[in-house]
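The next block holds one structure in the form of structure tokens; read it before the comments.
The values are calculated or read from the model by the stated rules, or taken from the named source; none is laboratory data. Predicted model, so just to flag it, every value in this text is computed and none were measured. A quick note on method: Cβ atoms are made from the backbone with ideal geometry, for glycine too, and the neighbour counts reach across all protein chains shown. Note: accessible area is taken over every heavy atom of the protein model, side chains too, but ligands, DNA and RNA are not part of it. Shrake-Rupley method; radii C 1.70, N 1.55, O 1.52, S 1.80 Å.
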Amino acid sequence: MSTDHCRIIQLPKIHDERGNLTFIESSRHIPFEIKRVYYVYDVPGGAERGGHAHKTLHQFLIAVGGSFSVILDDGFRKTEFYLNRGYFGLYVCPGIWREINNFSTGSLCLVLTSDFYDEEDYIRDYDSFLAVCHDTVP
Ligand code: TYD
């Protein structure tokens with residue numbers, strides 16, 4: 001898979017004098033059915049998350065609060081995204097290595113995923129990831 005398949009998706013934003021409301025409908029606003037939701041919060045300054053790829057999992061990341069950077073890597077090219085709005089999210093297709101860093105204080109990273117948690121779906125070793133991308137797995 002290529003980072004070309006990953007993209008920022010703008011979500012609906014309903015604004016009135018009481019504030020903003022954003023909603024996400026499975027498959028309508030993002031390109032998969034949502035099966036699991038998790039969120040990362042209370043991230044200490046300077047900490048990095050991610051550092052892995054998924055074999056089959058689709059994900060959608062949103063900075064619901066604050067901001068952070070996401071570096072996507074398809075084994076050939078790296079692309080950096082900066083998320084800082086609750087109505088923009090980043091779709092990450094399977095087979096992409098991701099690093100998440102530069103978390104602002106109090107930020108909240110919401111992640112929607114296409115499947116239940118399965119450690120077998122992770123590639124946590126970067127050299128193994130590169131071997132898969134470059135088709136050099138023995
Ligand atoms: P991990 O996916 O490595 O976190 P991140 O990508 O944000 O750095 O997960 C961290 C730990 O949490 C790891 O031990 C697996 C566990 N975990 C679950 O048990 N269920 C889940 O849904 C997720 C996302 C992680």
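For this structure, a couple of remarks:
- Filter result (open to solvent by 40 Å² or more (accessible area, probe 1.4 Å) and either basic (K, R) or within 10 Å of the ligand (Cβ to nearest atom) (or both)) within segment 93-114: E99
- Residue match in segment 96-110 (condition: part of a loop (DSSP other than H, G, I, E, B), touching a Pro at 6+ places or on another chain (Cβ under 9 Å) and under 19 Å from T3 (Cβ atoms)): no
- Number of residues in segment 48-69 that are in contact with a Gly (Cβ under 8 Å, 6 or more places away or on another chain), part of a loop (DSSP other than H, G, I, E, B) and either on the phi > 0 side of the Ramachandran plot or open to solvent by less than 50 Å² (accessible area, probe 1.4 Å) (or both) equals 1.
- Given (1) out of contact with any Leu (no Cβ under 9 Å at 6 or more places or on another chain); (2) away from the ligand (no atom under 15 Å from the Cβ); (3) at pLDDT 95 or above; (4) assigned to a loop (DSSP other than H, G, I, E, B), index of the condition G86 fails: (1)
- Annotation note: Cβ proximity below 8 Å between a residue of segment 12-26 that is closer than 20 Å to V37 by Cα and without any contact (Cβ under 8 Å) to a residue 40 or more places away in the chain and a residue that is among the charged types (D, E, K, R) and assigned to a loop (DSSP other than H, G, I, E, B) (sequence gap 6+ or interchain) occurs for L21/K13; S26/E33.
- Identity of the residue in segment 70-79, part of a strand (DSSP E or B) and in contact (Cβ under 8 Å) with a residue 40 or more places away in the chain, that ends up surrounded by the fewest Cβ atoms within 10 Å (Cβ to Cβ): K78
- Meets criteria (open to solvent by less than 20 Å² (accessible area, probe 1.4 Å), of a type outside the set (D, E), at pLDDT 95 or above and within 13 Å of the ligand (Cβ to nearest atom)) for I123: no
- Taken over segment 36-47, the residue count meeting the criterion of being under 17 Å from Y122 (Cα atoms) and in a loop (DSSP other than H, G, I, E, B) is 0.
- If you go through segment 62-78 and keep only what is closer than 25 Å to R28 by Cβ and either of a type in the set (K, R) or out of contact with any Cys (no Cβ under 6 Å at 6 or more places or on another chain) (or both), you end up with I62, A63, V64, G65, V70.
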